[in-house]
Amino acid sequence: MLERKWSPDKTLETSQRPEEREFISVTDVLVFIRRYLVTILVFTVAAILLALAYIATTDPVYTAQTEVLIEPKLPTILQQQPAEINLSLDTAQIESQIVVMQSEKIAQMVIDRLHLTNDPSFNRSKSLSERGRKLTGLLFQLVDTGKDRPSLPASAPATSKKLSPEEQKIADFERARRTMATLRSNLDVRRVGVSYAIQISYSAPDAELAAKIANAIAEAYVREQLSNRTAEADRGTEWLESRISQLRTQMNNAAQAAQAFRARHDYRIGGTAVISGDAGPIPEEAKTKTVTLEELEATTESYRKMYESFLQAFTSSANQQPTADARVITSATRPLAPSQPRPKLILALGALAGIMLGAGVAFGRQMLDRSILSAQQIKDECGLDCIGSLPTVFGRRGGFGRFDEMVHAPGSVFSQSVKDIRARIGMIGLDKPIRILGVTSTSPGDGKSTLITNLAAAWSMSGARTLFIDADAAHGAVTKRLASLSPERVPVEKPGDPDEIKRNIVSNSAMAFDILPSPVVVAHNLLLAGNLQRLLGALDDYEMIFVDLPPFTAGEEGLIASSQLDAVVVTAQWGRTPVDLVSELIRALHMARSFVVGIVLTKVHDSTMGRLRRRAGQAAR
């Protein structure tokens, strides 16, 4: 009976010391990008295609701009004063004028002037169905081969229905409100820097219409300012007229009182003489008041001066034409190029959104993914070391190495990786060399057969007599490709007889090692511990024996056979094999008292493989 080389308990104790990583390296980022590059590219291309569809189905929008300068002016009466008065506008006043330009009153003046309510092009909205029809038409233009193009379904024409007066009133109101909302939503008014200039911008599908509306808004604002000035001047004139009439009456009454005083040659005037020009009688306390001629003449002169001053102001106000506080300094012209859509910006934003969405989806998949991706993950989750990794082979069917890769391409990156794995296995067995090595995996297709055949070829090429036992009876991939074995059924005289089993060993000159085919293993039931133990005890003439064990998902027969081996190597496919399944396999092997050397990652898309390629290239030279 073969002796065990190491205690599995001791090995498990020394291996389960995970080292936590506190940072993400650049290599991890590159591996993440390389693994999910297809996902990120798919979302990016989809976002760019959506951006192109939006650009193709969006009508161009033109923006026209005009500028209005606000000039604060003194009222007409204050302009006659000799003192200098400087008027200035603060930010609140400028913002107030911007609100006036955006008000519904100005918008209604523009709508009425340009008849926008009944303009179908102005009130036209872009629906999703129209975008779909336009996009379909563009696609037909791209793939047009001269054949009859199928007619696209058009929108059903609006049927004319006679409305009642009340319904017509509601429809007119809704159309007017939609027109108002469209006009105000496409209007942009803002201050130019810290100046008194205000920029009015309007966007419309028609360049000529955009310029007309921008100019109409500026003109409506100036006209509104002029109308307010005119109304203010009219109110001032009416007040001056009424005040002049009152002063005229008061001046005449005061003059009559002074003339009456002179006619009487008296220094007092009693009774009910009117000296103030008021229509009411003199109060009782004023009847005994002594009034002199000088007071009467002074009163008359005061009324006369006031009358002349108001009369002069009225004459000046009547002769002065009201002016607005704003004027147009730049008129809007027809824009030459559309302002929207902006293809470059939309494509850039679409690509950025696609990259971010793809990266987010990839990150979510990464967080939910429990497959093995790194050697550190093997150390942390399984408590074992990763003793090597086998890279993918670019341009090869299946993307992986062949069973005879070591023979036909000994200098390749794949073969170099196999040599590195062999060296690590040799270092592990320095005290007591490993003679019987088994390789297993969690599921078929993880690359265990490729690994074990190339390991056997590596040992045999070094001069050691090597035997390969294909114990994976359910698949028998190595037997079918390398052994060229005879019949599927092997005649058995003595089940489990080592001598009879040895007579069925096939020599493979191309691989330089012998093969015990899987039909022989099945016929003699070598997966039983007793049969396998007797056979291995009779194979003293082989320096190295490799056993291709069944995968873990095929059953527990491989676990029983692994207990008779010196060591076992577990293979896991990079990015595919769940780490939980590998941990379960490791626990099962330890329960079977099998010594697990480590784990080998297969079909690795790691950026570190680039360094292996360069090293392999230098070694070849």
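The values are calculated or read from the model by the stated rules, or taken from the named source; none is laboratory data. Nothing here was measured: the structure is a model prediction, and the numbers come from that model. Don't worry about glycine lacking a Cβ; one is built from the backbone with ideal geometry, like all the others, and counts go over all protein chains shown.
So Glu238 clears everything in (1) surrounded by 20 or more Cβ atoms within 10 Å (Cβ to Cβ); (2) more than 46 Å from the chain's Cα centre (by Cα) except one condition, right? Which one?
(1)
Among all residue pairs at least 6 apart or on different chains, which show Cβ distances below 9 Å where the first residue, located in segment 355-373, is aromatic (Phe, Trp, Tyr) and the second is in a helix (DSSP H, G or I)?
Close Cβ pairs satisfying both conditions: Phe363/Phe32.
Please give the number of the condition Phe468 fails out of (1) at pLDDT below 85; (2) surrounded by 16 or more Cβ atoms within 10 Å (Cβ to Cβ); (3) hydrophobic (A, V, I, L, M, F, W, C).
Condition not satisfied by Phe468: (1).
From the set of residues in segment 434-450 that are in a loop (DSSP other than H, G, I, E, B) and in contact with a strand residue (DSSP E or B) (Cβ under 9 Å, 6 or more places away or on another chain), which is nearest to Val596 (Cα to Cα)? Can you show your working first?
Of segment 434-450, the ones in a loop (DSSP other than H, G, I, E, B) are 434-435, 442-447.
Cutting the leftovers down to in contact with a strand residue (DSSP E or B) (Cβ under 9 Å, 6 or more places away or on another chain) gives us 434-435, 442-443, 445-447.
Numbers: Ile434: 12, Arg435: 14, Thr442: 14, Ser443: 17, Gly445: 20, Asp446: 17, Gly447: 17 Å.
By that ranking, first place goes to Ile434.
Give me the residue from segment 555-578 that is of a type in the set (Asp, Glu) and in contact with a Leu (Cβ under 8 Å, 6 or more places away or on another chain) and, out of that set, modelled with the lowest pLDDT. So that I can check it myself, show each step before the final result.
Kept after step one, since they are of a type in the set (Asp, Glu), are these residues of segment 555-578: 556-557, 566.
Those left that are additionally in contact with a Leu (Cβ under 8 Å, 6 or more places away or on another chain): 557, 566.
Numbers: Glu557: 76, Asp566: 90.
Only one residue fits best here, namely Glu557.
Here are some residues: Phe552, Phe546. Which one is in contact (Cβ under 8 Å) with a residue 12 or more places away in the chain, assigned by TED's automatic domain parsing to the domain that holds Arg435 and either touching a His at 6+ places or on another chain (Cβ under 6 Å) or more than 12 Å from Phe468 (Cα to Cα) (or both)? Break it down stepwise before answering.
Values: Phe546 fails: either touching a His at 6+ places or on another chain (Cβ under 6 Å) or more than 12 Å from Phe468 (Cα to Cα) (or both).
The match here is Phe552.
Pick out the one residue from Pro391, Pro338 that is under 30 Å from Ile452 (Cβ atoms), touching a strand residue (DSSP E or B) at 6+ places or on another chain (Cβ under 7 Å) and of a type outside the set (Phe, Trp, Tyr).
Working: Pro338 fails: under 30 Å from Ile452 (Cβ atoms).
After applying the criteria, what remains is Pro391.
Output the residues belonging to segment 363-395 that are in a strand (DSSP E or B) and of a type outside the set (Gly, Ala, Ser).
Keep residues of segment 363-395 that are in a strand (DSSP E or B), which gives 371, 386-391.
Listed by number, the residues that qualify are Cys386, Ile387, Leu390, Pro391.
Pick from segment 579-612 the residues that are among the charged types (D, E, K, R) and part of a loop (DSSP other than H, G, I, E, B): which of them is modelled with the lowest pLDDT?
Filtering segment 579-612 for residues among the charged types (D, E, K, R) gives 580, 584, 587, 593, 603, 606, 611.
Retained after the next criterion (residues that are part of a loop (DSSP other than H, G, I, E, B)): 593, 606.
Details: Arg593: 88, Asp606: 58.
Among residues in segment 579-612 that are among the charged types (D, E, K, R) and part of a loop (DSSP other than H, G, I, E, B), the one modelled with the lowest pLDDT is Asp606.
Report, by residue number, each residue of segment 268-304 that is over 19 Å from Arg248 (Cα atoms), of a type outside the set (D, E, K, R) and modelled with pLDDT of 50 or more.
The answer is Thr290, Val291, Thr292, Leu293.
Residues checked against (1) over 33 Å from the mean Cα position of the chain (by Cα); (2) at pLDDT below 90; (3) assigned by TED's automatic domain parsing to the domain that holds Val100; (4) within 21 Å of Val68 (Cβ to Cβ):
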position	(1), (2), (3), (4)
Ala156	yes, yes, no, no
Lys169	yes, yes, yes, no
Asp172	yes, yes, yes, no
Arg175	yes, yes, yes, no
Ala181	no, no, yes, no
Ser185	no, no, yes, yes
Ser195	yes, yes, yes, yes
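I need the full set of residues from segment 305-361 which are more than 14 Å from the chain's Cα centre (by Cα), crowded, with 17+ Cβ neighbours inside 10 Å and modelled with pLDDT of 90 or more, in order please.
Hits for segment 305-361 are Ala332, Pro335.
Residues Phe552, Phe546, Phe513: which one is out of contact with any strand residue (DSSP E or B) (no Cβ under 6 Å at 6 or more places or on another chain), among the aromatic types (Phe, Trp, Tyr) and at pLDDT 85 or above?
On the way: Phe546 fails: out of contact with any strand residue (DSSP E or B) (no Cβ under 6 Å at 6 or more places or on another chain); Phe513 fails: out of contact with any strand residue (DSSP E or B) (no Cβ under 6 Å at 6 or more places or on another chain).
Phe552 is the lone residue from the list that is out of contact with any strand residue (DSSP E or B) (no Cβ under 6 Å at 6 or more places or on another chain), among the aromatic types (Phe, Trp, Tyr) and at pLDDT 85 or above.
Would you please list the contacts, defined by Cβ atoms under 6 Å and residues six or more apart or on different chains, that run from a residue in segment 242-254 that is among the small types (Gly, Ala, Ser) to a residue that is surrounded by 14 or more Cβ atoms within 10 Å (Cβ to Cβ)?
These pairs meet every condition: Ala254/Gly277; Ala254/Thr299; Ala254/Thr300; Ala254/Tyr303.
Here are some residues: Leu535, Leu527, Leu559, Leu516. Which one is within 25 Å of Arg481 (Cα to Cα), free of Cβ contacts under 8 Å to residues at least 40 places away in the same chain and in the same structural domain as Gly496 (by TED's automatic domain parsing)? Give the steps one after another, and end with the answer.
Details: Leu527 fails: free of Cβ contacts under 8 Å to residues at least 40 places away in the same chain; Leu559 fails: within 25 Å of Arg481 (Cα to Cα); Leu516 fails: free of Cβ contacts under 8 Å to residues at least 40 places away in the same chain.
Going through Leu535, Leu527, Leu559, Leu516 in turn, just one is within 25 Å of Arg481 (Cα to Cα), free of Cβ contacts under 8 Å to residues at least 40 places away in the same chain and in the same structural domain as Gly496 (by TED's automatic domain parsing): Leu535.
For the condition of a type in the set (D, E, K, R) and within 36 Å of the chain's Cα centre (by Cα), what is the one hit in Asp404, Asp385, Asp369? Even if it seems obvious, please write down each step before you answer.
Numbers: Asp404 fails: within 36 Å of the chain's Cα centre (by Cα); Asp385 fails: within 36 Å of the chain's Cα centre (by Cα).
So the residue among Asp404, Asp385, Asp369 that is of a type in the set (D, E, K, R) and within 36 Å of the chain's Cα centre (by Cα) is Asp369.
Only residues that are among the acidic types (Asp, Glu) and closer than 18 Å to Asp112 by Cα: list them for segment 209-235, please.
Within segment 209-235, Glu219, Glu224 meet the criteria.
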